[in-house]
Every structure is written in structure tokens, then in C-alpha cells.
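Enquirer: This is the structure, below, for whatever I ask next.
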Amino acid sequence: MSATGKSTLINELSDLGYTAIDLDNDTYSIWEDAEATPEYPDNEVIPGKDWIWHEKRVFNLLNSTKTDLLFVSGCASNMSTFYHWFDSIILLTTTEKVMADRLRSRKGIAYGQTPEEVARILRLKQTIEPLLINAADLVIDSNASLQSITDIIIKHVNSLE
């Protein structure tokens with residue numbers, strides 16, 4: 001979910017020497033035609049469009065990375081296409097208040113700055129986060145320190161070997 005600390009965490013993992021890639025950028029994501037549906041009324045980021053993972057680019061990344069351990073982060077409506085590629089799915093979660101505070105103080109990320117985008121993100125927390133929790137192997141409260149979150153993830157990953 002937006003404003004849960006994904007980018008901060010992926011940068012920390014990269015700083016620690018792990019191969020860690022944020023998929024929520026124009027290298028791995030694209031604007032795609034989308035329509036809101038009764039099941040997913042918030043399926044559009046902007047009218048008629050949604051920011052989704054570029055499937056060919058993400059598949060190429062997953063197929064070409066020459067490392068035993070790859071961390072990817074992001075959240076997109078089509079990400080379940082890739083679930084079978086992942087050894088583990090980790091979800092960062094936090095309260096609506098913390099999400100709203102983080103969105104207000106964000107630097108360098110345009111999405112989540114308008115009141116409409118904040119409202120959408122908070123609606124998605126209610127509607128989509130329960131689905132993400134069901135898909136996750138590990139759920140972490142991102143109110144914890146970055147060091148603590150990183151330690152939990154590394155311990156989790158090491159337990160998979």
C-alpha cells in the first residue's frame with residue numbers, strides 16, 4: 001500500500017548490499033487503460049488510467065537477475081500475476097493516520113499529494129489491504145523502526161532456505 005514505507009525499506013536493503021528494486025517507477029510500471037468496476041471502484045488512478053506493472057519488463061527482471069536473493073517492492077492492480085514467482089510476499093501495513101501523515105510529508109513522490117489521492121489511498125486500505133493480507137506470508141507493522149523491520153525481513157528470508 002502507498003505510504004507504508006516500501007521505498008524506504010527497499011532503499012535500506014539496497015544500502016545493505018542486497019539486490020533490491022522498487023517496481024513503482026517508469027522503468028517497471030506504465031499507465032494502462034482501466035475502468036472502475038463495481039468490484040474495484042478505485043481501479044483508476046486518473047480517469048480511465050491505472051499505474052500498473054509492465055508485465056514484460058517485470059518478467060525480464062525476474063528472469064535475468066543473477067542473484068540468489070532479489071527483493072522487489074511495489075503495489076499494483078496486476079501484481080498477483082507475479083505471485084507464483086515470489087518465494088515470499090511481505091506486506092507492510094500501518095494505520096490510516098500514519099499513512100496520511102507520511103503522504104503529507106513525502107518528498108520526491110508525486111502520487112498521494114492531492115486530497116483526492118489521499119482519500120483514494122485510504123479507501124484502498126479498507127478494500128484492498130485485506131486481500132493483500134490474505135496473500136502475504138508475513139505482515140509487518142511499519143510503525144516499527146527501519147532497523148527492526150529490516151531485521152525481521154532478513155530473518156524471515158533466511159528461514160526460507
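The values are calculated or read from the model by the stated rules, or taken from the named source; none is laboratory data. In this text, all values refer to a predicted model and were calculated from it rather than measured experimentally. Don't worry about glycine lacking a Cβ; one is built from the backbone with ideal geometry, like all the others, and counts go over all protein chains shown.
Enquirer: Specify the residue that is farthest from Arg57 (Cα to Cα); the eligible residues are those in the stretch 81-99 that are of a type outside the set (Val, Ile, Thr) and in contact with a helix residue (DSSP H, G or I) (Cβ under 7 Å, 6 or more places away or on another chain).
Expert: Looking at residues that are of a type outside the set (Val, Ile, Thr) and in contact with a helix residue (DSSP H, G or I) (Cβ under 7 Å, 6 or more places away or on another chain), I get Glu96.
Enquirer: Name the single residue that is modelled with the lowest pLDDT among those in the stretch 58-81 being among the small types (Gly, Ala, Ser) and in contact with a Ser or Thr (Cβ under 9 Å, 6 or more places away or on another chain).
Expert: Among those that are among the small types (Gly, Ala, Ser) and in contact with a Ser or Thr (Cβ under 9 Å, 6 or more places away or on another chain), it is Ala76.
Enquirer: Trp31 is checked against (1) in contact with a Lys or Arg (Cβ under 6 Å, 6 or more places away or on another chain); (2) in a loop (DSSP other than H, G, I, E, B); (3) not aliphatic (A, V, I, L, M) and fails just one. What number does that condition carry?
Expert: Just one mismatch for Trp31, condition (2).
Enquirer: While we're here: For the stretch 137-155, give me each residue that is of a type outside the set (D, E, K, R) and not in a helix (DSSP H, G or I).
Expert: Across the stretch 137-155, the qualifying residues are Leu138, Val139, Ile140, Ser142, Asn143, Ala144, Ser145.
A quick yes/no check of all residues on (1) more than 16 Å from the chain's Cα centre (by Cα); (2) surrounded by 14 or more Cβ atoms within 10 Å (Cβ to Cβ):
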{"residue": "Lys6", "(1), (2)": "no, yes"}
{"residue": "Ala20", "(1), (2)": "no, yes"}
{"residue": "Tyr28", "(1), (2)": "no, yes"}
{"residue": "Pro47", "(1), (2)": "yes, no"}
{"residue": "Trp85", "(1), (2)": "no, no"}
{"residue": "Leu92", "(1), (2)": "no, yes"}
{"residue": "Arg104", "(1), (2)": "yes, no"}
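Enquirer: Let me ask you something else. Could you go through the stretch 88-108 and let me know if any residue there is part of a loop (DSSP other than H, G, I, E, B), modelled with pLDDT of 95 or more, in contact with a strand residue (DSSP E or B) (Cβ under 6 Å, 6 or more places away or on another chain) and not β-branched (Val, Ile, Thr).
Expert: no
Enquirer: Further question: From the list Asn60, Asn134, Asn158, which residue is outside any loop (DSSP other than H, G, I, E, B), among the polar types (S, T, N, Q) and farther than 23 Å from Ala20 by Cβ?
Expert: Every option except Asn134 fails the conditions.
Enquirer: Check Ala135, Ala144, Ala76 and return the single one that is closer than 21 Å to Ala36 by Cβ, surrounded by 12 or more Cβ atoms within 10 Å (Cβ to Cβ) and among the aliphatic types (A, V, I, L, M).
Expert: Ala76
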